[in-house]
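The numbers here are math on the coordinates, done by the rules we state, and not lab data. Just so it is clear, the structure is predicted and the values come from calculations on it, not from any experiment. With ideal geometry, Cβ positions are generated from the backbone for all residues, glycine too; neighbour counts draw on all protein chains shown.
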Amino acid sequence: MKYPIFNIKHQRGLPASLRQPDSLTAVMAAGEALQAGASLYFALMVMTIMLAIALGLSSIFIGQIKTIKQLGNSVIALYAADTGIEKILLVRNNPPLGLGPVVALGNGATYQVIVTEGGECLHYCIKSVGSYLGTKRAVEISY
């Protein structure tokens, strides 16, 4: 008896003694199961990468937003320091020497002026430190 060429169609027609337990059908089914597992793994990896990118970008943007917010505070602190310099320049012929008091402005900013005599300056060195919501800026002049 001559058997036809081994094919899936002819697998069922073979006698039970000639059938192999790991037939071509079983191998194909296992291959399809592996492909389904690979697709799931690939989808999981793509989603993980996308989540990592989103978290990285959000942390960068949050840092930038904080910096931009503090930039406005920096300008107000600089204006407060400039106000302190202008107040001392009103009495520049005889300014009070040493560390001045902390002066509060109407917008919540404060400034403090330090006047020193001589040194590197011709007459006086004046340093004013302005502060607003934890941000400090200083202006220093000499005359």
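Counting only Cα, what are the radius of gyration and maximum Cα-Cα distance Dmax of segment 20-142, in Å?
Rg and Dmax of segment 20-142, Cα atoms, are 32.9, 111 Å.
Stretch Asn94-Val75 to full length: gain in nm at 0.36 nm per residue minus the Cα-Cα span?
Computed gain between Asn94 and Val75 is 3.9 nm.
At a Förster distance of 22 Å, what's the computed FRET efficiency of Glu86 paired with Leu122, Cβ-Cβ distance as r, to 0.05?
0.65
Determine ³J(HN,Hα), in whole Hz, for all residues of segment 84-97 in sequence, where each value follows from phi through the Karplus function 6.51 cos²θ - 1.76 cosθ + 1.60 and θ = phi - 60°; x replaces Gly and Pro.
Those phi angles translate into x, 4, 5, 4, 6, 5, 5, 10, 5, 5, 9, x, x, 7 Hz.
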